[in-house]
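Take a look at the structure set out below.
None of the figures in this text is laboratory data; all of them are computed from the coordinates on show. Everything numeric here is computed off the predicted structure, so don't read it as measured data. Glycine gets a Cβ as well: all are built from the backbone with ideal geometry, and neighbour counts include every protein chain shown.
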């Protein structure tokens, strides 16, 4: 019995003790749950791997958490959609350079019964104001994600300090886009979502798009290499190779080619000034 | 450097009491157990026979008074062994149980198996060597317990009512083995409630009532001319109400 | 996981992604249980057999930690293994190794607490004999653990059940990376958040079937062993 124990222990130590397979070509990219839930990575990453042989391991978190992962040095690249937060990340010295990659848009979805009476409007600010006035049920991500920050910015444009000034009709759930949509579907509430997640979301219940097309619903994605000066182990060549591919003609085309139900979700704009 | 183990004999109790809470289990016992034939402890239930055996084995410490083994503290205890009324079998074969006892007594692993079979043969269990010990009958388990005790090459063997749960055939088998062990020079100290067994096996008798030593005498003398009224009552088969 | 498919068709069609996920779940949780057992069984036995100042407090703490929230364990291990943390140099965050270690920590109190109880009960039975045979403390631990082996199988199953069922720990330290650290529970969480509830539920049933199969196998091993040991 003693020998059996030693064999098991030795086997375990062998499993746990083996170092990373001879410098495997892989990078860790911290990105957002909405990007993952849209299915984009499933489409573009195999193309990148086929071209470069690099494995991209995506950790999908909220934007706040993804940037924090970058700050800690637990990722090589961050790929999120909250320009202000990204620029702060750069200013703190955790990123090398920010490259715009693509944009998609947010849409406001809500119950077909439309308690706030906003269906079909193109003015997101007026819609939000109506929701608050009518105290229609609203679900917020509440998780410092890019989507959440976009939502807060829109309330601000409507001159509403929503975090201080809301009633029980406004529920912040602190979870990802899918969870927020599930909750909104189950409680017939309005929720701000990116179009990509919405198109691939299957549990819509009675929800439908209420407001879309407002310029202010524009959602810009940026990618940054985590600064090797702060974290020496960052795989800077492989990480930069990914960034270079994303903004290259090939990568941009791959992004544009990703469609669900015939609809393009993301619009590449690496070359747009000021994006 | 190996010290030759101290002899545990004689065991000398000097005014030993064992008290648990309010209950006095043994009351100022002074007694010597020396080399020789089997010493059998008899007495009615609650007389403290079991506790006295456990005291001699070193499983229980006196609350007051002193006990010495061969004049010393008896901490070595390598050549003492004990058989309990209900032996606990390890979850392995009969041979495995004896080999375990041999290992606990310090025998090197390579020799254990052969020696275990030899010991099993001495107690008549050679054919059951590979049987799971828990599947043996009560009598067979008790004989296995004796083999385990012998594995310690004891000079002193304690037995606490070893046949109380056994049928007559099994009882006889156990008694034969005990007799053989005694004949080979091992000092036996045994508690029993069976007077017939005491008559068959004892060289001398220690008679206890309610924790007090009432009589200690050579067997022949105790059975034919008991000195105390309690002993006389007990030998008649009447209840001894102290 | 392909969209719009049912879990049943994935199973019957031998979908490689699904099988890879099930395989990783089993590797992680079985390894974690084994690792926790290597530490927890002797620890539980030692707690059962020894008396020292503070023992009662330690027993209470070990019992209480059976209910450690997985997400808290995950977070604690994450902070330890993060590159910015004390063990960051190991570079094992977001790998199956980290998941195994974290789950082992989660499961360790369960195994130690249940082993302690089992061994304590067994010691009552074995105490006289083992003391009479003058078995030293280390020997007692080994003997009792071996003799209690069938009861301890149940203990190990309890630990494995906890590991296989939890999502908080492996999500945080593993990151649910597609093709690398995605296990059954995190896959279910993902499909739920994508709104594909039927697929998520189907995967849940697959997970339950796998766990039942493991338990059945353990039961079989126990019965065969008991028959041979004559218990």
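Numbers for the structure displayed
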quantity: Residue among C:108, C:145, C:124 with the largest mean-square fluctuation in a Gaussian network model of chain C, springs linking Cα atoms under 10 Å; calculated: C:124
quantity: Chain B: projected area of the alpha-carbon convex hull, averaged over directions, in nm²; calculated: 13.9 nm²
quantity: Chain B, helix-only ellipticity at 222 nm - DSSP H runs n ≥ 4, -39,500 (n - 2.57), divided by all residues, nearest 500; calculated: -10500 deg cm²/dmol
quantity: For region A:139-213, the Rg and Dmax computed from alpha carbons only, in angstrom; calculated: 12.0, 34
quantity: Cut-off 19 Å (backbone N to label point 7 Å along Cα→Cβ of residue A:202), residues of region A:239-275; calculated: A:259-263
quantity: Computed [θ] at 222 nm, helices only, for chain A once each DSSP H run of length n ≥ 4 contributes -39500 (n - 2.57); calculated: -12500 deg cm²/dmol
quantity: Largest-first principal axis extents of the Cα set of region B:91-151 (Å); calculated: 30, 21, 17
quantity: Peptide B:75-84 - average C-beta neighbours from other chains (10 Å radius); calculated: 2
quantity: Region C:123-179-region C:48-70 distance, computed between alpha-carbon centres (Å); calculated: 15 Å
quantity: Estimated distance in nm for a label pair at residue A:261 and residue A:237, the labels positioned 7 Å out from Cα along Cα-to-Cβ; calculated: 4.5 nm
quantity: Long-range Cα-Cα pairs in region A:135-180 (distance over 12 Å), rounded percent; calculated: 60 percent
quantity: Antiparallel bridge percentage (DSSP; both residues within chain A; nearest 5); calculated: 60 percent
quantity: Max mean-square fluctuation residue, GNM over chain B, Cα-Cα springs under 10 Å, options B:60, B:23, B:206; calculated: B:23
quantity: Reciprocal of mean inverse Cα separation for the protein assembly as shown (Kirkwood radius, Å); calculated: 31.8 Å
quantity: Using alpha carbons only: equivalent-ellipsoid semi-axes of region C:1-104, gyration tensor based, whole Å; calculated: 35, 19, 12
quantity: Solution diffusion estimate, µm²/s, Stokes-Einstein, region C:18-181, Kirkwood Rh from C-alpha pairs, 4 °C, viscosity 1.567 mPa s; calculated: 77 µm²/s
quantity: Residue with peak Gaussian network fluctuation, chain C [Cα springs, cutoff 10 Å], from C:116, C:83, C:162; calculated: C:83
quantity: 222 nm mean residue ellipticity, helices alone, for chain C (DSSP H n ≥ 4; -39,500 (n - 2.57); rounded to 500); calculated: -26000 deg cm²/dmol
quantity: Ranked list, fewest to most other Cβ atoms within 10 Å of each Cβ, for A:79, C:65; calculated: C:65, A:79
